[in-house]
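Contents: one structure, followed by commentary.
Please treat every number below as a calculation from the coordinates, not as lab data. As the structure is a prediction and not an experimental result, all values here were calculated from the model. Cβ coordinates were reconstructed from backbone atoms using ideal geometry, including for glycine residues, and neighbour counts include every protein chain displayed.
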Amino acid sequence: MAENVTPRVRVPSSASAGETVTIKTLISHQMESGQRKDDAGNTIPRSIINRFVAAFNGETVIDVTMEPAISTNPYFEFQAKIPESGTMSFTWYDDDGSVYEESKEITVG
Amino acid sequence: MSRSFWLGGCAASALIICGPAMLTAQEDPAERSLVINGEIEIVTEADAPAHLENLSTIRSGWTFRSPETQTMQMDDFDNPATLGVEAARAKFSSDLGNGESCASCHEAPEELAGVRAVYPKFDESAGEVQTIEMQINECITDRAGAEAWDYDKTDMINMSALMSFVSRGEAVNVAIDGPAAETWERGKEIYYTRYGLLELSCANCHEDNYDNMIRADHLSQGQVNGFPTYRLKNAKLNSVHGRFKGCVRDTMAETFSPGSPEFVALELYVASRGNGLSVEGPAVRN
């Protein structure tokens, strides 16, 4: 089970219509690859976040499939064009079925 | 036709030769300046302190890193060490096991701003030079009456990172005279002693050969103002003593232990070599 998973995002609170903004996301997660062994020689089971989705007003902006080689605390930075005021939502899907969500308002004005 | 071709070739080769020298201030890692979050100005280059005979300028390890690594440290959101700092913040006000917490005495971590800059320092009551980790453990055991933390384990490294975090931008200023002088001399002796099968002293790499490559690695001056540092190599925060241990091990020697009197003395000496640089930790290094 993943512990202490906290999503963090940085999104500008305002933008002009049609502006391209930079969005940064980070989620604390151990991203256990499933390839490692513990001190007793037993395989440590895989436990990673396997998918990350960002959507603006319900429309997908980015949808990422994540693999075990991605290191701990995955960080994504990407750009998105903001046509109107709305909500940018972020969703991370964990191997164990957990879903972590975060969202931010962006005002166009 | 052939003439213009020849000219073109000349221009191309001239570009290649001139390439490294033509880097602008923005591109040359050693010439960039470090401002964290657009507000905390960090001194990454300064005149060497008077006791330092063999260097005229001291440089933070940050100036030796690639632009990408440097940039990670310029914004707390991009600096992975911030996660450790946040964990320590939570720990600061949480129960140490007997109802007490750091917050029982210290209202907020920010109250301890500036403390990191003068450590290691001589502690009157203990009668010895103490690192910030030893001071934290003294607080935990003597003042709070709780069980000490391991010197080089996550909780301690995170708390040490938090202490650096709230002191960022303060000038490192450890005392080397008075009661600390004896320990400082011992640290200096360790610094210049060759250890291990490779017979390397700290000075061989970090004083004689800084800015040179040791195989694929760009040698720094070995300053500790950025500790604890988040290393991309092992994706976690690393303590000063953990780094010392790694260095001594790489000389193929039996190392001292983190928290040992030898490493405490060495930390005092190495920290004093950085007097004048800013507290920069938790920094990002490779």
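For the segment B:74-81, counting C-beta atoms of other chains within 10 Å of every residue's C-beta and taking the mean gives 3. Subtracting the Cα-Cα distance of residue B:54 and residue B:250 from their residue separation scaled by 0.36 nm leaves 68.2 nm. For residue A:105 and residue B:76, the FRET efficiency from 1/(1 + (r/R0)^6), where r spans their Cβ atoms and R0 equals 30 Å, is about 0.85.
Counting only alpha carbon atoms, the long axis of helix B:81-92 and the longest principal axis of chain B meet at about 10°. Per-peptide packing, taken as the mean over residues of other Cβ atoms within 10 Å, places B:46-53, A:42-49, B:157-164 in the sequence B:157-164, A:42-49, B:46-53 from highest down. The slack in the chain from residue B:193 to residue B:218, taken as 0.36 nm per residue of separation less the alpha-carbon distance, amounts to 6.8 nm. If you count Lys pairs in the protein assembly as shown whose Cα atoms are under 24 Å apart, skipping same-chain pairs closer than 8 places in sequence, the total is 19. Taking Cα atoms, how many degrees apart are the long axis of helix B:2-18 and the longest axis of chain B, rounded to 10 and kept between 0 and 90? That works out to roughly 20 degrees. Springs between Cα atoms under 10 Å define the GNM used for chain B, and in it the highest mean-square fluctuation of B:251, B:44, B:229 occurs at B:251. For the pair residue A:39 and residue A:64, a Förster radius of 35 Å applied to the C-beta separation gives a FRET efficiency near 0.60, rounded to the nearest 0.05.
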